[in-house]
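Scroll down for the structure; my scribbles are underneath it.
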Amino acid sequence: MSLLGKLSWSALPLGQPIALAAGAMVVLTALSVLALVTWKGWWPVLWRDWITSVDHKRIGVMYVVLALVMLLRGFVDALMMRSQLALAAAGAPGFLPPEHYNQIFSAHGTIMVFFVSMTFMVGLMNFVVPLQIGARDMAFPVLNSVSFWLTAAGVLLMNLSLVVGEFARTGWLVYPPLSELAFSPQVGVDYYLWALQIAGVGTLLSGINLTTTILKLRARGMGYSRMPIFCWTALASNLLIIAAFPILTATFAMLLLDRYLGFHFFTNELGGNAMMYVNLIWAWGHPEVYILILPAFGVFSEVIATFAGKPLFGYRSMAIATMAICLLSFMVWLHHFFTMGASADVNGFFGVMTMIIAVPTGVKVFNWLFTLYGGTIRFSVPLLWSLGFMVTFVIGGMTGVLLAIPPVDFQVHNSLFLVAHFHNVIIGGVLFGAFAGYNHWFPKAFGFTLHEGWGRASFGCWVVGFYLAFMPLYLLGLMGATRRMQHYDERGWQPLMVVAWVGAVVILAGIACTIVQLVVSIRTRDRRRDRTGDPWNGRTLEWSVASPPPAWNFDSPVVVNGRDAFWTVKNGQEPEVVDASFATTAAAAPSPGRAGHGDGADAGDPAAGARPEPSVTVPPPSAVGVVIAFFAVAFGFGMVWHIGWLALAGGLGIVATVLRFSWLEREEIVVAPEALARSAMARPAPGGAA
Amino acid sequence: MTVVPSLAVLQSGVLDPQGPVAASQRLILFNASVIMAAVIVPVIVLTLAVAWWFRAGNRRARRRPDWAYSGPLEVLVWSVPLLVILFLGGIAWIGSHELDPRRPLASEVAPLDIEVVSLDWKWLFILPRAGVASVNHLVVPVGRPLRFHLTSTTVMNSFLVPQLGSQIYTMAGMTTELNLRADRAGVYPGLSAQFSGDGFSDMRFEVEAVSEEAFAGWLAATAAEGRPLDAEALRLLERPGTTGRERYRVALPDLFGSLVRRHGHGAMPGMAASASAPSHPSHSPHAASP
Amino acid sequence: MSGMATPSTAVHGGAGTPRHRAEEVPRSERGPAPPRVVVTYGFWLYLLSDIVMFAAFFATYAVLRTHVADGPDGRALFDRSKVLLETGCLLLSSYSCALFSLAIDRKARLASYAMGGLTLLLGGAFLALELSEFASLLAQGAGPQRSAFLSAFFALVGLHGLHVAVGMAWLVVLLLQIATLGFTPRTVRRLLCFSLFWHALDIVWIGVFTIVYLGAFS
């Protein structure tokens, strides 16, 4: 075995002009960014304040940045696919041969699900949840950094496949037997599997982190029914992550064992069973889509309540519906393969279960409607996205219910009708929610609001573009067009494909507007400074701190005694007199947020007797996340190309880093009282900007 | 490329059913769409109307800033979707049984057995009783129930003729079953609906429904003129690549059964051991539930 | 924040009434939990996720265990007495681990080293027996490449063995940390997590023992 395993010069796409151009562009962009950062001398600040940060707010922002960058990459794939299909009718070959086209749609799906949707939602939850529950940070800040960097490692590894080697040609879920070595001997499937195994560890750790944070670090007085609804949906989503992602890890591990060690889980010979893979992957896959949509639902709940100036209608119903969706999402997985040959009883059962899950979703839609009713609605950009969601998502939900009827699915399974459905709910739901959250919480993160006009333009383009791009696909699916076609015989389908292509171009304009919005907003930020911390007249705790918040979030331990705590305080409803014991026990509460850092002594029940108020501390930054990720990329790359020494070095590097870190005494940084005083004085009393 | 799309192009796929299965599926599709539309169209209209009416600038709107709960509405909001879904769920349950691919179509005429094998990247159709086979082109008699037995020699595919009805996966080492019927003479496009690799888009075939006499004539002609489908011809067929149409005289005993058994698993839960399977195993794989 | 109830506490009011006596305060409203609770809770969640991962391998084993591809099945291959011995070692190691936890509670160094070492020994015995079982299967040509059944067997049992090996390595590190850092609160929290892990592995093994080894003879 050579020193470089399977790697050779032929791994570079020198003979394929399009792949070469794409790879060169990515490499050049990356190098330019690195050069710019070096030339401007930003490395020390970047390293200290971002790369090694364990602050949930910084990490949340980095997740969102990663998601937006990957949105560009995934969208380029989409544009290429639409262009190919607009051209390749009735014998015309288009410009993308099958070997290339098959990688493009596989990459598109993988990127959009794992590295855009997941990353965006995790980023929003990271940023917002600790603030909303009155905590100083997540339960495990260093683990948070590790999670982010492992995700970034997965992204890097996957993007390396653009330049060195190739990506999977199997679709975004790499079904066997096609993904087995016999039918996919190239490295593409291995890139996919290792990138996602690495990123998957990050996601699982993040799920544990957020769940622990929500369940164990809420501020004093914030019982479950006083928690913002976004935290409920975040909780449900992260419980699903904990319950579902291990299945993905296990299934990919089995496929890796088949490919690397000649096992026979899913092969065609010696007893392998590809149907087992299909069941396992969708047992993960269905909860995954709820992992994506539930935080988006939470965003919409917050945004609609805020910009209608009313509390969320039916809070308890919403919470129950959220947890019902969480539970039911594990009982519907078979609807992804009604056509695999299960009996009528089995198909019927899963069809009915799938429809039942539409009920709590319907309840949510009605509750949003009633939240709007009687409100005083301001058509801010986040609210526009929410209205767009309410209209668009229900159409996707309708087609989902249609697909849940097995005999209908027997016709349109794997057709463009299906493609239209899931883009309908993911774009209309997850992506619109991502943009709503982005516009809504941007001022909190950066201290100035985004430009409204460009925000509206982006929204308009996305809505128009979405309908143009995907309504024709519904029709094409009913006409018999299947998914993943690289060309088709029917000349009559081409006009619809062209309309879809136009839609993609309009969406491109929408993305361009978002980029322009960001640039313009930064340039003119002084005009839109958020000086009160509450630019929207918000209802929840994150609006009660400065924009951007200090590293420690809250100057003193938070106590709440109701829902929408910040809103009622603003509106003059001061709490009842708080008696001395309550104040004392509140003061005696341990530093809200974080555990396992420094040698903070474990208090028993914090209500047990008065203690001097602890000083405000923040955990020091840590390079362990980025270093582990570095070694993870080395490990992954080594495994993909069968470079034994590199994989071993990467693995040992991870172990060594963890060991080294575990011996470190990490003292929390005490926030100086002057800094606290400055923070308290800097903000006027909240009056709420209208 | 036509600039103005002709509406005739809409007459394809499930929108233009040519057999009872596809016709039932189209009916269910339309009915369910109407029922769902009756729910979501008002929701969409209400959303836009309510948002507009309660905009901040509207002085006529009566604001209710504390209205956050209503018991009766709660009941309505849970029960309306539940009722709609129960109704549609009933349709789903009944439809799953009536249109179960394995369910034979009621008929006085005996069904025609057709064995289907998906290869990389072509479709092989075997008519076992007549001892003929064809590639990428299937001729069937109008009005006779068609009983398909399907397998794959390579990766998963999905056999689909939208104008006739349901699709079903083809998987190595397993046999799936499908029952369809063509009620009118015509040529109906077929395809694979499960991505299977670089030649996937070329896995197109045609089902030609003809009269019984024409069908008998085609059988005879194929038996006489078709090349022998022997081990060598099979080996050539199995080479990855696409082909045009082919016709064969089957020259291998129990061709379909042997192709299934090549990847047979040994005993599977709920299935008879494939080693002793007759040439048309009547079992079908049940989705394994983890 | 100005305008709030007391200068040292930010109190955010709402529709509810503040509760005054500690006993009245429901657990969900008592505020952030202390680090020990948070850490062990998070670790529990990790253990649950690990059990889900094992569940996927169990499910796969259940489906593939009849796919012997005309090769040997469990009945022909498994040596129940050796497995019984392995089980005994692992269960005893859980007992020694419990004694280990008690020693840590007492902050007794020597007892900790002794019980920790015993746990290592018993875990090592388990692994040695398991590896010898694997070696003998491989020698008979019944390796994981032979059939889907054997793939599922080696993966499931091997995954458990891998967890045991990692646990042992972790224990060594923790013993070193007791020696070098002492019984700091952080070290004690880690030791608590370790014993949760070790006991969970025992529970998974009960599942393996029952479903794989006993199940082959049913």
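The values are calculated or read from the model by the stated rules, or taken from the named source; none is laboratory data. None of the values given here were measured: they were computed from a predicted structure. Note: ideal-geometry Cβ built from the backbone for every residue, glycine included; neighbour counts use all protein chains shown.
Some values worked out for this structure:
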{"quantity": "Number of the condition not met by A:Thr233 [criteria: (1) within 11 Å of chain C (Cβ to nearest Cβ); (2) touching a Pro at 6+ places or on another chain (Cβ under 6 Å)]", "calculated": "(1)"}
{"quantity": "Residue satisfying condition, being more than 14 Å from chain A (Cβ to nearest Cβ) and either within 21 Å of the chain's Cα centre (by Cα) or crowded, with 20+ Cβ neighbours inside 10 Å (or both), within set C:Gly158, C:Gly167", "calculated": "C:Gly167"}
{"quantity": "Enumeration of residues in the range A:246-293 that are farther than 24 Å from B:Ala172 by Cα and at the interface with chain C (Cβ under 7 Å from one of its Cβ atoms)", "calculated": "A:Pro246, A:Ile247, A:Thr249"}
{"quantity": "Any hit, the range A:518-530, residues being within 30 Å of A:Arg218 (Cα to Cα) and more than 25 Å from the chain's Cα centre (by Cα)", "calculated": "yes"}
{"quantity": "Counted residues, the range A:265-307 - those being free of Cβ contacts under 8 Å to residues at least 24 places away in the same chain and surrounded by fewer than 24 Cβ atoms within 10 Å (Cβ to Cβ)", "calculated": "2"}
{"quantity": "Residue that is farthest from C:Val166 (Cα to Cα), among those in the range C:198-208 that are surrounded by fewer than 20 Cβ atoms within 10 Å (Cβ to Cβ) and among the hydrophobic types (A, V, I, L, M, F, W, C)", "calculated": "C:Ile206"}
{"quantity": "Residues (facing another protein chain (nearest Cβ under 7 Å) and either crowded, with 23+ Cβ neighbours inside 10 Å or within 29 Å of the chain's Cα centre (by Cα) (or both)) located in the range A:338-347", "calculated": "A:Thr339, A:Met340, A:Gly341, A:Ala342, A:Asn347"}
{"quantity": "Qualifying residues in the range B:130-170 (those that are small (Gly, Ala, Ser) and part of a loop (DSSP other than H, G, I, E, B)) - the one surrounded by the most Cβ atoms within 10 Å (Cβ to Cβ)", "calculated": "B:Gly165"}
{"quantity": "Conditions (1) closer than 30 Å to C:Thr66 by Cβ; (2) acidic (Asp, Glu); (3) in contact with a helix residue (DSSP H, G or I) (Cβ under 7 Å, 6 or more places away or on another chain): number failed by A:Glu269", "calculated": "(3)"}
{"quantity": "Residue among C:Ala76, C:Ala62 that alone is at pLDDT 95 or above and surrounded by fewer than 20 Cβ atoms within 10 Å (Cβ to Cβ)", "calculated": "C:Ala62"}
{"quantity": "Matching residues in the range A:115-148 - criterion: being over 17 Å from A:Leu541 (Cβ atoms), β-branched (Val, Ile, Thr) and either more than 14 Å from chain C (Cβ to nearest Cβ) or free of Cβ contacts under 8 Å to residues at least 24 places away in the same chain (or both)", "calculated": "A:Val116, A:Thr119, A:Val122"}
{"quantity": "Single condition B:Leu219 does not satisfy, out of (1) in contact with a helix residue (DSSP H, G or I) (Cβ under 8 Å, 6 or more places away or on another chain); (2) in a helix (DSSP H, G or I); (3) of a type outside the set (Ser, Thr, Tyr)", "calculated": "(1)"}
{"quantity": "Every residue from the range A:491-540 that is outside any helix (DSSP H, G or I) and touching a strand residue (DSSP E or B) at 6+ places or on another chain (Cβ under 7 Å)", "calculated": "A:Arg529, A:Asp530"}
{"quantity": "Residues located in the range A:513-546, provided they are within 14 Å of chain C (Cβ to nearest Cβ) and of a type outside the set (Phe, Trp, Tyr)", "calculated": "A:Thr532, A:Gly533, A:Asp534, A:Gly538, A:Arg539, A:Thr540, A:Leu541, A:Glu542, A:Ser544, A:Val545, A:Ala546"}
{"quantity": "Selection status of A:Leu66, touching a residue at least 24 places away in the same chain (Cβ under 8 Å), under 30 Å from A:Arg666 (Cα atoms), part of a helix (DSSP H, G or I) and not hydroxyl-bearing (Ser, Thr, Tyr)", "calculated": "yes"}
{"quantity": "Failed item in (1) more than 30 Å from B:Ala193 (Cβ to Cβ); (2) surrounded by 17 or more Cβ atoms within 10 Å (Cβ to Cβ); (3) more than 8 Å from chain A (Cβ to nearest Cβ), with B:Pro17 passing the rest", "calculated": "(1)"}
{"quantity": "Members of the range A:267-304 that are in a helix (DSSP H, G or I) and of a type in the set (Asp, Glu)", "calculated": "A:Glu288, A:Glu302"}
{"quantity": "Criterion violated by A:Val54 - all others in (1) surrounded by 14 or more Cβ atoms within 10 Å (Cβ to Cβ); (2) aliphatic (A, V, I, L, M); (3) assigned to a helix (DSSP H, G or I) satisfied", "calculated": "(3)"}
{"quantity": "Boolean, B:Val39 is more than 7 Å from chain A (Cβ to nearest Cβ), farther than 23 Å from A:Gly309 by Cα and either surrounded by 13 or more Cβ atoms within 10 Å (Cβ to Cβ) or of a type in the set (D, E, K, R) (or both)", "calculated": "yes"}
{"quantity": "Options C:Leu99, C:Leu85, C:Leu45, C:Leu91: the member that is aliphatic (A, V, I, L, M), crowded, with 18+ Cβ neighbours inside 10 Å, modelled with pLDDT of 95 or more and assigned by TED's automatic domain parsing to the domain that holds C:Glu133", "calculated": "C:Leu45"}
{"quantity": "Hits in the range B:177-200 (condition: within 20 Å of A:Leu403 (Cβ to Cβ) and facing chain A (nearest Cβ under 8 Å))", "calculated": "B:Leu191, B:Ser192, B:Ala193, B:Gln194, B:Phe195"}
{"quantity": "Selection from the range C:2-42 of residues that are modelled with pLDDT of 55 or more and either more than 7 Å from every other protein chain (Cβ to nearest Cβ) or exposed (fewer than 14 other Cβ atoms within 10 Å of the Cβ) (or both)", "calculated": "C:Arg21, C:Glu23, C:Glu24, C:Pro26, C:Arg27, C:Thr40"}
{"quantity": "Single condition A:Val558 does not satisfy, out of (1) in contact with a strand residue (DSSP E or B) (Cβ under 6 Å, 6 or more places away or on another chain); (2) surrounded by fewer than 23 Cβ atoms within 10 Å (Cβ to Cβ)", "calculated": "(2)"}
{"quantity": "Selection within the range C:43-78 - of a type in the set (A, V, I, L, M) and either more than 7 Å from chain A (Cβ to nearest Cβ) or closer than 30 Å to A:Ser556 by Cβ (or both)", "calculated": "C:Leu45, C:Leu47, C:Ile51, C:Ala55, C:Ala59, C:Ala62, C:Ala76, C:Leu77"}
{"quantity": "Qualifying residue in the range A:163-178 (condition: away from chain C (no Cβ under 14 Å), under 23 Å from the mean Cα position of the chain (by Cα) and in a helix (DSSP H, G or I))", "calculated": "no"}
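The rows are residues; the columns are (1) surrounded by 15 or more Cβ atoms within 10 Å (Cβ to Cβ); (2) in the same structural domain as A:Pro472 (by TED's automatic domain parsing); (3) at pLDDT below 95.
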{"position": "A:Trp493", "(1), (2), (3)": "yes, yes, no"}
{"position": "A:Leu496", "(1), (2), (3)": "yes, yes, no"}
{"position": "A:Val502", "(1), (2), (3)": "yes, yes, no"}
{"position": "A:Ile507", "(1), (2), (3)": "yes, yes, no"}
{"position": "A:Gly510", "(1), (2), (3)": "yes, yes, no"}
{"position": "A:Leu518", "(1), (2), (3)": "yes, yes, no"}
{"position": "A:Ile522", "(1), (2), (3)": "no, yes, no"}
{"position": "A:Glu542", "(1), (2), (3)": "yes, no, no"}
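Condition check ((1) over 22 Å from the mean Cα position of the chain (by Cα); (2) of a type in the set (D, E, K, R); (3) part of a helix (DSSP H, G or I)) across all residues:
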{"position": "A:Val76", "(1), (2), (3)": "no, no, yes"}
{"position": "A:Gly91", "(1), (2), (3)": "yes, no, no"}
{"position": "A:Asn102", "(1), (2), (3)": "yes, no, yes"}
{"position": "A:Ser106", "(1), (2), (3)": "no, no, yes"}
{"position": "A:Met125", "(1), (2), (3)": "no, no, yes"}
{"position": "A:Val128", "(1), (2), (3)": "no, no, yes"}
